[in-house]
Amino acid sequence: MVGTLPLESIAEVKEDLEGRVDMKSKKLMGVVSLITIASMALAGCGNSASSVDTKDDGKEMTVDVFDGLANYQGIQKGWFAKIVKDKFNMKLNIIAPNVAGGGDTLFDTRSAAGNLGDLVIIGSAGGRAKKLVKAGLISDMTPYLKGMTYINKYKSATDALSDVIGKKGVWGMPSSLSSKAPTQPSEGLEPTFGPYVRWDYYKAIGYPKITDLDSLVTVLKQMQDKAREETGQKDIYAMSLFKDWDGNMMNNAKQPTTYYGYDEIGFVLAKGDGSDYQSITQKGGMYEKALKFFNAAHRAGILDPDSSTQNYDTMYSKYQQGKILFSFWPWLGQAAYNTTEHKQQGKGFMIAPMDNMKIFSYGAKTDGDSSTAFIAIGSKAKNKQRLVKFINWLYSPEGVYATSTDTGGSAGPKGLTWQMKGDEPVLTEFGQKALLGGGADVPAEWGGGTYKDGVSALNMTTEVANDIDPQTKQSFNPQLWPSVLKHNDDALTTDWSEHMGGAKTTMEYLEKNKEILVAPGASYTAPEEPSTISNLRGQIKTVIIANSWKASMADSDAQFNQLLDEMREKVKGLDFKTVLDWDMKNAKDQNKARVEIKKQWEESH
């Protein structure tokens, strides 16, 4: 039965047949018939674009959202759910691969059934967006765009996505759109990455100098000793890891490389200014240095023994309890522990002054970041016009505020977390508790529950929070508001500032000391890789991840080196070079795109 063919196979058969049509051929009718059969098979699998119908029955609808970014599965709760229900009479049912075991299993299963979701949030990299269109799993939004102010505003972004796909149409809205220059950091007061320490314990041991990752281990050991001595708790550890996000490599091991300007692309670590490209298997390279950092921490007794078995949520709760003293990112340590009360007591995570830092920063992307994610309409969805209106709203100022998270970003809904006072935005009393004070319970009229439980489970940035709201003339990010900045005089921030040359914020410190490296914000998307590359990659990354974790927990230099040598030998036998060459070309093409977007911006401004 034709209907049992894989989706992509049917789409390819149809495309191939269409390509062979010769209007002069005596066999024209036969070919057309074959096209019709393939088209019917495609339709039988749910692959045909539905006929355009801008009508809407107005009834309540439960919208299945296939969301590659979500860390929550099920019906959206709380205040965001109430906003969506009141405005669109919709409930959002989040389908999250991250929660359902990771990998591509859920994607493959739902694709084969011909219905990925009513809304689809997924990355375009590796040819995935092209496959979705080819297989008829998402719809062109063009017929529904009359009056859609915000989708139409970002035409260059939707055009850039259609270029990636190779077919005209408005196939989705990219994430992380920005009106800032591509050479400006996309982040606000804090970078995405950085060595963040519990400043109160760093202070307690006398602010020792940190020259590199090796000396950071020594300092963290002193901090752990001090914390255990003061609290009497032996389950406090300087560092804690988790496996959830492992991909081409041990994800945690990529993080320290960002402190020196590197970011990952496949099996390559690429410096943000295009000056260096390294294989993650390189002897003495940045990835090995990161693993040595973890191994030194393990052998010093400062690495949480649960690191190889716990998930992110379990680890996060340890930060909330004050059990961990080092954080790879501000949005982990600070979000979990830096409550108003703790900061007033002088406690909390702040960036450490480590010599020779050049922290990687993602430049603002005028055409967004479809490679990470874009949002699209599923081809089987009902009431598509309503769904397009919902997407349009997500990119409106009101929507940008509402898609905030509890770990930073935009300010949340006006009237609940913030209000206008004169001509400037200020946090409400509730907003101060919810965003700065460690959390708060939401009033019943806003949906009830805790603020954190009610944040958007979509977990997608539409417009970056540091962009300016044209209505308030201030950033969507409350951390940048004058009304919030002038209250950054708590004991923690004051002490940190005094020991960081008077800098008022982390970004000010990094920019003043030239310790940040901004990779220009090009909307580069890696091309679809051949199945031979994908198959090899699957085998290779399994070896790299397994040996990286083992090496991190090695009990001697000899064992550490042996495990890495074994890893290199195994992947060499799996034709690692072929995949590395592919990734290296992508890394260099990405840099070309960065150079080009910088040039274009300078010429147009």
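Report the calculated FRET efficiency for Gln320 and Lys55 (r = Cβ-Cβ distance, R0 = 45 Å), to the nearest 0.05.
So, using R0 = 45 Å, E works out to roughly 0.40.
Measure nothing fancy, just the Cα-based angle from helix 78-88's long axis to the longest principal axis of the chain, in degrees from 0 to 90, nearest 10.
The answer is roughly 30 degrees.
Efficiency by 1/(1 + (r/R0)^6): what FRET value for Glu602 and Thr149, r their Cβ-Cβ distance, R0 = 30 Å, to the nearest 0.05?
The calculated FRET efficiency here is 0.55.
How far apart, in nm, are the 7 Å Cα→Cβ label points at Asp159 and Ala444?
Going by the 7 Å Cα→Cβ label model, 5.3 nm.
Evaluate the charge dipole of the chain about its Cα centre and quote only its size in Debye, nearest 20, assuming +1 on the Cβ of each Lys and Arg and -1 on the Cβ of each Asp and Glu.
The calculation lands at about 1140 debye.
Place +1 on the Cβ of every Lys and Arg and -1 on the Cβ of every Asp and Glu in the chain, take the dipole about the Cα centre, and give the residue among Gln334, Ser552, Ala125 whose Cα lies farthest towards its positive end.
Farthest along the dipole direction, towards plus: Ala125.
Considering the dipole of the chain built from charges on the beta carbon (Lys and Arg +1, Asp and Glu -1) around the Cα centre, which of Tyr319, Gln255, Ser531 is farthest to its positive end?
The residue sitting most towards the positive pole is Ser531.
Tell me which of Leu241, Ser604, Ser275 sits at the most positive position along the dipole axis of the chain, charges placed on C-beta atoms (Lys, Arg +1; Asp, Glu -1).
Farthest along the dipole direction, towards plus: Ser604.
Tell me, what are the semi-axes, in whole angstrom and largest first, of the equivalent ellipsoid of the stretch 199-262 as set by the roots of 5 times the Cα gyration tensor eigenvalues?
For the stretch 199-262, the semi-axes come out at 26, 17, 7 Å.
For the pair His499 and Ser215, how long in nm is the line joining their label points, each one 7 Å along Cα→Cβ?
Distance between the two pseudo-spin positions: 1.4 nm.
Grab the beta carbon distance between Asn535 and Thr109, set R0 = 22 Å, and tell me the FRET efficiency rounded to 0.05.
Once the sixth-power term is evaluated, E becomes 0.65.
Based on the mean of other beta carbon atoms within 10 Å per residue, what is the order of 356-365, 528-537, most packed first?
Final packing ranking: 356-365, 528-537.
Given the pairs Lys243/Lys577; Lys180/Lys384; Lys234/Lys433; Lys134/Lys168; Lys271/Lys572, which span a C-alpha to C-alpha distance of over 20 angstrom in this model?
With Cα atoms farther than 20 Å apart: Lys243/Lys577; Lys180/Lys384; Lys234/Lys433; Lys271/Lys572.
Counting pairs of alpha carbon atoms under 8 Å apart in space and at least six apart in sequence, what relative contact order in percent does the chain give?
21 percent
Between Glu230 and Asp581, what length comes free when the chain is fully extended (0.36 nm per residue of separation minus the Cα-Cα distance, one decimal in nm)?
121.2 nm
Could you tell me the convex hull volume per residue, in Å³, taken over the Cα atoms of the stretch 80-126?
108 Å³
Suppose the chain between Gln471 and Val595 were pulled fully straight at 0.36 nm per residue; how much longer would it get relative to their current alpha carbon spacing?
41.3 nm
At 0.36 nm per residue, minus the direct Cα-Cα distance, what do Ala204 and Tyr312 gain on full extension? Give it in nm, one decimal, please.
36.0 nm
If all Cα-Cα distances of the stretch 134-177 are sorted into 10 Å bins from 0 onward, what percent lands in each bin, rounded to whole numbers?
Binned Cα distances yield the sequence 27, 58, 14.
What ranking, highest mean first, results for peptides 559-565, 451-457, 294-300 when packing means the other Cβ atoms within 10 Å averaged over each residue?
Final packing ranking: 451-457, 294-300, 559-565.
May I ask you to list the trypsin sites (Lys or Arg not before Pro) in the stretch 230-265 that are in a DSSP loop and have at most 14 other Cβ atoms within 10 Å of their Cβ?
When the trypsin sites (Lys or Arg not before Pro) of the stretch 230-265 are filtered for loop state and at most 14 Cβ neighbours within 10 Å, Lys234 remain.
Provide the packing ranking of 544-552, 481-489, 87-95, i.e. peptides ordered by the mean count of other C-beta atoms within 10 Å per residue, highest first.
Packing order, densest peptide first, comes out as 544-552, 87-95, 481-489.
Rg(Cα) of the chain divided by 2.2 N^0.38 Å?
In units of the globular-protein estimate, the chain measures up at 1.01.
Computed from the coordinates by the stated procedures, all read-outs in this text should not be read as laboratory data. All figures in this text were calculated on a predicted structure; none of them were measured in a lab. As a convention, Cβ positions derive from the backbone with ideal geometry for all residues, glycine included, and neighbour counts pool all protein chains shown.
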